[in-house]
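Peer 1: Have a look at this one before I ask anything.
Every number here is computed from the coordinates shown, using simple stated rules; none is lab data. This is a predicted model, so every value here is computed, not measured. Counting neighbours? That spans all protein chains shown, and the Cβs are built from the backbone with ideal geometry, glycine included.
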Amino acid sequence: MFKGEIRKQSPKNLLLLFQILALLLLLAYEQMHADKMIFIMAMGLILIIYLSNYLLIKISSGDNYIFLIVTMLITIGIIVIYRIDEKLGIKQLTWISLGIFLFFLVYFMVKRLKKIDDWLYLYLVLAYLLFIITFAFGDRKFGAINWVSFRGFAFQPGEITKIVLIFLLASYYSNTEKWRHIKYSSYYIMGVVYSFIALLFLQKDLGTALVFYIIFASIQFIYEEDRKLILYNIGLFLGSGVLGYVLFDHVKIRFQAWLNPWIYIERQGYQITQSLFAIAEGGFFGKGLGMGHPDFVPVVYTDFIFSAICEEMGIFTGIGIVMLFMIFVYRGFKIAISQENRFYRILAIGISTLFGIQSFIILGGVLKMIPLTGLTLPFISYGGSSILSSFIALSILQICSEDMTSREDTDE
Amino acid sequence: MNKEIKRIIIILTVLCMTFISLIVYISYFQIFKASAIKNNSYNKRLWINEQTILRGSILDRNGNVLAYSEKEGDSYKRNYNYGSLYSHIVGYSYREYGKSGLELYYNNSLLNISDSTPINEIKNIVIPNTTGNNLVLTIDHNIQSRARSLIDGKKGSIVVMNPTTGEIYAMVSYPDFNISNLNENWKEISEDMESPLINRAIQGLYAPGSVFKVITAMAALENSSYETQYNCIGSEKIEGYVFKDYEGKAHGPIDLKGALVKSCNTYFINKSLEIGKDTIGKISERFFFNSRIPFDLPVKSSQFPYKEMTTDVEVAAASIGQGKVLVTPLNMALIASGIANEGEVVKPILVKEIVTKDGKVLKQSDIEILSQGINPLGANTIKDMMVEVVKSGTGVNAKIKNVTVAGKTGTAENSSGKNHAWFIGFAPADNPKVAVSIVLEEDGSTGGKAAAPLARDIMLYTIENIKD
């Protein structure tokens, strides 16, 4: 028993070492104008994370690794953001602290809620409500309407909608018996998801639209009994993709800038080529923190954070990040497989797919492997909405990693 | 395993594959594509070095400064001393228009940027580099100026080189442009129909016309087809297509030497089928047709696509340097050098040395034999024929008193309707010191009339003035 406890705790200590080394790196970069305040804040964050990990092992009987993986991602992210812009770095620290708080809050609240698999209509209404808010109060930023400003705080409702979508799908597919009496119910769900995608298209938020589609397609692939619907789904998607290319200029531009950004280098291809320059300059080992020029890449602290990481820390760190995401997704699916309760199982699949596909789309985009669509890199990019919603999703995944069937048995 | 778990694992596998593909792609990108992307002139990082490092100077073989940088406020300003004279060799380095010529291809040396290895990077952090290296060229400023004045107002290229060492003494392409004030006339230069930006000496592909006959003659020596006599009646019919000699003139009974001296088309056309396209192709490839000549600036590949020639007419036309044969002036200079140098083709050199600001030689270009174009005996046979060309044949205008000159003229038909005038040659024939290749693009005149006198002038000037 005691031995098992040590084994459980040791990765957490390794992580502590990792974070202290990272802090030293930051201090080495900052040596000229080292600020006591920053040091205290960073130590504070390390402490919060250490305690959270400690606490989590105590209170949660579930997976101990996903939070550790996320902490590594956060550490790399915050160093790079701080290096690009000190003020943003401090803001990001605040967001992360808030995120961890939210993580525990959601963890305790959602865990206590019963019958949340029954609230399909609530999720439906919530999702549309979030869209309505976006359209009614949305601002246009970087070409897409997905920001809502409220008393000086801007947030992206789309980040929350992703989680609501996963709840909606989980709620439907975990109660298929209940919905069987409605004919074509699966078609209705597909229609609902497509209406989301269409709305995202109108907001010009292509990245999120793609994330929605892939989450839906994955869950549908696993749980839909009407297999020909999956074919319809793929066909419809390809068809609407082609239609989108023909009808909408912003789709066409993205595609052309992907095919050959060098001829559009002054305009549409500017971002992606600047990103490629940064990655190419970094080489395998990077220029060293503070030695590169990530400031040449537009919106480097959100969508293009990976280019900055590659420039200064090399593609070895870049590959490390890809692997962290891969391990995270693997853990997520492992959680899903060992979860007996179908609702929580689907939630786990949905959330793992969300993190997996979102990181792939933006990483592939900044590398010019696939067309670029604006998305944040979960846990690494700067941004309140992205960090908070990611922690909410993580918290739900944490719940899913616990034995939910036994809980129900004892409760009832 | 039940169906659900199976499907979950399929989705997991797909996701993992996408991540692995990312890792593969990023590695591929870094290994194969990164270096080219880094050097794109839109990469602002290239110009950051420019503000902190004094770009090295470019000098000719005698120490004349062709380009140098000086401090102006916070950054450095690049100066070019000779206006348009070195527009194609030195090239330019402007923030607005990027880089060209040696300024582009020797950028790292000029800025003293080492290859990006971890050790070099650490070294650079400890001792930041502030001064670039100088380039010493093989160019002789006086010969370059002379060549430029000879071609002024015409169109084309002159290459003057040492046939035994490969050093380029002069390389002129005309029209050219003034590199010292690109800002004022960039639009004009870049839109000029005569394309002054192109370095014709290495990027221009021309029909060689009769200068190519030296290759065909070497091929004839190779397989003994030269032994039989031929009677020239002024025209030759191949598969119904009639080839004519210049102005339809009949040369009567003629051998290989006579055919080269009088530049008899029908002789080579008749023999070409006997020699065969493969033998001509093989010889031409030894002289770097269909492949890239290694050089300090990128050279276009000359073309002798003998594998694609399907009809006798095509082979016949190619044997006299018409049809599908295309050649760069530098390549022709290399052929002349090869014949002068007992068949050995030397690597052309433009940058002689890379020197640090303290005068330490970092890199020196050595003489390198690229290939044996033809055996020494054959080379001397062709040389004797080329001497006769200048003595009594089409190249008499290149004759120099007290110096034996070897040469070959060419008058190449092309799509413009106006012939290119060619001359290649070297002197003195018994101890070659200089080889030339001259092309006057769309000149309308013949090689013997238009190009040979220029060759005479530049060869004489070089022999009299060159210092080793």
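Peer 1: Using Cα pairs closer than 8 Å and at least 6 residues apart in sequence, work out the relative contact order for chain B, in percent.
Peer 2: Once normalised by length, the contact order is 15 percent.
Peer 1: Can you compute the modelled spin-label distance between B:Glu194 and B:Asp255, with each label point 7 Å from Cα toward Cβ, in nm?
Peer 2: 4.6 nm
Peer 1: Using r as the Cβ-Cβ distance of A:Glu177 and A:Asp249, and R0 as 41 Å, what FRET efficiency do you calculate, to the nearest 0.05?
Peer 2: Rounded to the nearest 0.05, the efficiency is 0.35.
Peer 1: Between B:Ser415 and A:Asp403, what is the spin-label point distance in nm, taking each point 7 Å from the Cα along the Cα→C-beta axis?
Peer 2: The modelled label-to-label distance comes out at 8.2 nm.
Peer 1: Within 10 Å of each Cβ of A:63-74, how many other protein chain Cβ atoms are there on average?
Peer 2: 0
Peer 1: Let me ask something else about it. Calculate how steeply helix B:376-392 sits against the longest principal axis of the alpha-carbon atoms of chain B, using the helix alpha-carbon long axis, and give the answer as 0 to 90 degrees to the nearest 10.
Peer 2: 60 degrees
Peer 1: Given a Förster distance of 41 Å, report the FRET efficiency between B:Asn185 and B:Asp74 from their Cβ-Cβ distance, rounded to the nearest 0.05. Mind showing how you got there, number by number?
Peer 2: Details: r = 27 Å, r/R0 = 0.66.
After rounding to 0.05, the efficiency reads 0.95.
Peer 1: Would you list, by chain and number, the lysines whose Cα falls below 22 Å from the Cα of A:Lys111, excluding same-chain residues fewer than 8 positions away?
Peer 2: Straight-line reach from A:Lys111, under 22 Å: A:Lys58, A:Lys162, A:Lys334.
Peer 1: Quick one: what does P(r) look like for the protein assembly as shown with 20 Å bins over all Cα pairs, in whole %?
Peer 2: 13, 32, 24, 21, 9, 1
Peer 1: Another question, if that's okay. In nm, to one decimal, how far is the modelled label at A:Leu24 from the one at A:Leu259, with both set 7 Å along Cα→Cβ?
Peer 2: 5.2 nm
Peer 1: Is any residue of region A:306-344 close enough, with backbone N under 17 Å, to a label point placed 7 angstrom from the Cα of B:Tyr28 along the Cα-Cβ axis, and if so, which?
Peer 2: A:319
Peer 1: Please give the average number of partner chain Cβ atoms lying within 10 Å of the Cβ of each residue in B:25-35, rounded to a whole number. List each step's numbers first, then the result.
Peer 2: Details: counts 6, 11, 5, 1, 8, 11, 2, 0, 4, 9, 2.
Per residue, the number of nearby Cβ atoms from other chains is 5 on average.
Peer 1: Take each complete run of DSSP H in chain A, measure how far its Cα atoms stretch along the helix's own axis, and keep only those covering 20 Å or more with mean Kyte-Doolittle hydropathy at least 1.6; list them.
Peer 2: Flagged H segments are A:36-59, A:65-84, A:120-137, A:185-202, A:206-223, A:384-400.
Peer 1: In this model, which of B:Lys44/B:Lys71; B:Lys277/B:Lys383; B:Lys33/B:Lys282; B:Lys187/B:Lys347; B:Lys244/B:Lys401; B:Lys277/B:Lys391 are farther than 27 Å apart at the alpha-carbon?
Peer 2: Check vs 27 Å cut-off fails for B:Lys33/B:Lys282; B:Lys187/B:Lys347; B:Lys244/B:Lys401; B:Lys277/B:Lys391.
Peer 1: Please give the per residue volume of the convex hull enclosing the alpha carbon atoms of chain B, rounded to a whole number of Å³.
Peer 2: Given the Cα convex hull of chain B, per-residue volume reads 215 Å³.
Peer 1: If you don't mind, there's one more thing I want to ask. What's the Cα-based Rg to Rh of region B:280-400, Rh via Kirkwood?
Peer 2: 1.06
Peer 1: Can you classify chain A as rounded, prolate or oblate using the Cα gyration tensor, where a ≥ b ≥ c are the square roots of its eigenvalues, rounded means a/c under 1.5, and otherwise it's prolate if a/b beats b/c and oblate if not?
Peer 2: In terms of gyration-tensor shape, oblate.
Peer 1: What is the angle, in °, between the Cα long axis of helix B:329-340 and the longest principal axis of the Cα atoms in chain B? Nearest 10 is fine, range 0 to 90.
Peer 2: Orientation of helix B:329-340: about 60 degrees from the principal axis.
Peer 1: Just to verify a number: FRET efficiency for B:Ser392 and B:Ser371, C-beta to C-beta distance, R0 = 25 Å, to 0.05?
Peer 2: 0.20
Peer 1: Counting other Cβ atoms within 10 Å of each Cβ, which trypsin sites (Lys or Arg not before Pro) in region A:217-283 have at most 13 and sit in a DSSP loop?
Peer 2: Here the trypsin sites (Lys or Arg not before Pro) that fit, given the DSSP loop and packing criteria, are A:Arg227, A:Arg267.
Peer 1: While we're looking at this one, here's another question. Please sort by residue number the GluC sites (Glu not before Pro) in region A:185-289 whose DSSP state is loop and whose Cβ has at most 11 other Cβ atoms within 10 Å.
Peer 2: Passing sites in region A:185-289 are A:Glu225, A:Glu266.
Peer 1: In the structure shown, do any of B:Lys99/B:Lys155; A:Lys287/B:Lys99; A:Lys12/B:Lys6; A:Lys36/B:Lys38; A:Lys114/A:Lys178 have a Cα-Cα gap over 28 Å, and if so which?
Peer 2: In this structure, A:Lys12/B:Lys6; A:Lys36/B:Lys38 lie more than 28 Å apart at Cα.
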